[in-house]
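Below you'll find the structure, written out as structure tokens, and then a few comments.
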Amino acid sequence: MPSFIASEQSKSGSHAQPMRMSRQAVIEIGVNALNEVGSESICRVCIKYGGSCCNGCHHLVNGIGCTARNTSCTAWLCGNLKYLLYATGYLEEWNAFWRQVPGQSFREDHTPDIFAAEKPLHLPAIRQLGEALAADLQELATKHPAVGFIHTLRDKMDKNIDQLNHCKNDPKRRKRMEKNIKALTSPFHRFQSELQEYHLRLGESE
Ligand code: SF4
Ligand code: SF4
């Protein structure tokens with residue numbers, strides 16, 4: 001892992017001069033950023049109830065996990081993680097970072113070993129928010145006997161957030177999408193309360 005490249009990102013501000021970025025470094029940056037937002041606890045609940053996005057992938061090896069980490073799978077967000085970044089206001093930060101990474105495909109990539117990138121990725125350490133969302137999902141999965149309830153919810157959040165991003169110039173439709181997302185995520189009580197505290201802390205530090 002060329003660590004100089006990862007540290008290069010931390011030295012440069014947003015939209016700095018183009019920097020040389022390696023495929024391995026962006027994967028590491030993405031995985032670390034997801035860890036910092038608490039993705040692991042969310043995935044644990046999802047996988048426990050059979051919703052892993054790696055299901056059926058031939059790169060998944062029992063007892064080992066993924067044997068072919070790539071830029072595509074690192075960049076990809078399911079509805080749960082997308083909602084976490086949407087609600088905290090970091091979805092565009094994530095998307096803009098990955099838009100500059102070439103060669104993404106499905107469960108594999110053709111990303112060059114080294115390429116030029118301008119934008120670093122800055123996600124905050126909000127692990128407690130990810131953990132709160134995981135706890136809400138766990139409770140929902142236990143409460144709702146319907147198999148795959150939390151996975152259907154995940155997919156609905158995914159669809160609505162995508163649609164919201166696709167109607168930037170249509171305020172009426174945007175409002176509808178925002179309302180849908182609010183209704184879908186209304187059972188996330190722990191998460192909403194953590195989010196409120198997070199915003200309060202942000203306000204105090206500004
Ligand atoms: S679908 Fe989302 S929550 Fe589930 S394992 Fe994949 S990334 Fe994690
Ligand atoms: S390649 Fe992607 S889908 Fe396949 S096991 Fe790895 S992370 Fe999962």
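Listed by chain and number, the lysines whose C-alpha is less than 18 Å from the C-alpha of Lys82, apart from same-chain residues fewer than 8 away, are Lys156, Lys159, Lys168, Lys179, Lys182.
A simple spin-label model places pseudo-atoms 7 Å from Cα toward Cβ; at Leu202 and Glu40 they are separated by 2.5 nm. Rounded to the nearest whole Hz, the Karplus-based 3J(HN,Hα) values (6.51 cos²θ - 1.76 cosθ + 1.60, θ = phi - 60°) of the stretch 55-71 follow the sequence 3, x, 7, 6, 8, 8, 10, 3, x, 10, x, 6, 9, 9, 3, 9, 5, with x at glycine and proline.
Using +1 on the beta carbon of Lys and Arg, -1 on that of Asp and Glu, and nothing else charged, what's the dipole of the chain about the Cα centre, debye to 20?
Values: 25 positive and 22 negative charges, 148 e Å.
Taking the Cα centre of the chain as origin, the dipole is about 700 debye.
3J(HN,Hα) couplings calculated from phi for the stretch 154-167 with the Karplus curve 6.51 cos²θ - 1.76 cosθ + 1.60 (θ = phi - 60°) are, in sequence order, 4, 5, 5, 4, 4, 4, 5, 5, 4, 5, 4, 5, 8, 10 Hz; Gly and Pro show x.
Distances between every pair of Cα atoms in the stretch 3-201, grouped in 10 Å steps from 0 to the bin holding the largest one, split as 8, 32, 36, 21, 3, 0 percent.
Is the stretch 25-79 rounded, prolate or oblate when judged by the Cα gyration tensor, a ≥ b ≥ c being the square roots of its eigenvalues, rounded requiring a/c under 1.5 and prolate requiring a/b larger than b/c?
Here the stretch 25-79 falls in the oblate category.
Amide H to amide H, which residues 5 or more places from Ile114 or on other chains are under 5 Å from it, using H placed in the peptide plane? The answer is Arg23. The distance between label points at Ala96 and His189 comes to 3.7 nm (points 7 Å beyond Cα on the Cα→Cβ vector). Of Ile114, Ile161, the sequence from fewest to most neighbouring Cβ atoms within 10 angstrom is Ile114, Ile161. Listed values for the stretch 28-34 are Karplus-derived 3J(HN,Hα) couplings in whole Hz (6.51 cos²θ - 1.76 cosθ + 1.60, θ = phi - 60°), namely 5, 4, x, 5, 4, 5, 5, and x replaces Gly and Pro.
If you plug the beta carbon distance of Ile114 and Lys48 into 1/(1 + (r/R0)^6) with R0 = 35 Å, you get a FRET efficiency near 0.35. A Förster radius of 41 Å, combined with the Cβ-Cβ distance separating Asp170 from Asn62, puts the computed FRET efficiency at roughly 0.30. The residue list Ile181, Tyr86, Ile42 was ranked by how far each Cα lies along the charge dipole of the chain toward its positive end, using unit charges on Cβ atoms, and Ile181 comes out on top. With both labels modelled 7 Å from their Cα along Cα-to-Cβ, the Arg127 to Val31 distance reads 1.7 nm.
Every number here is computed from the coordinates shown, using simple stated rules; none is lab data. Bear in mind the structure is a predicted one, so any value in this text is a computation, not a measurement. Neighbour counts run over all protein chains shown; Cβ positions are idealised from the backbone, glycine included.
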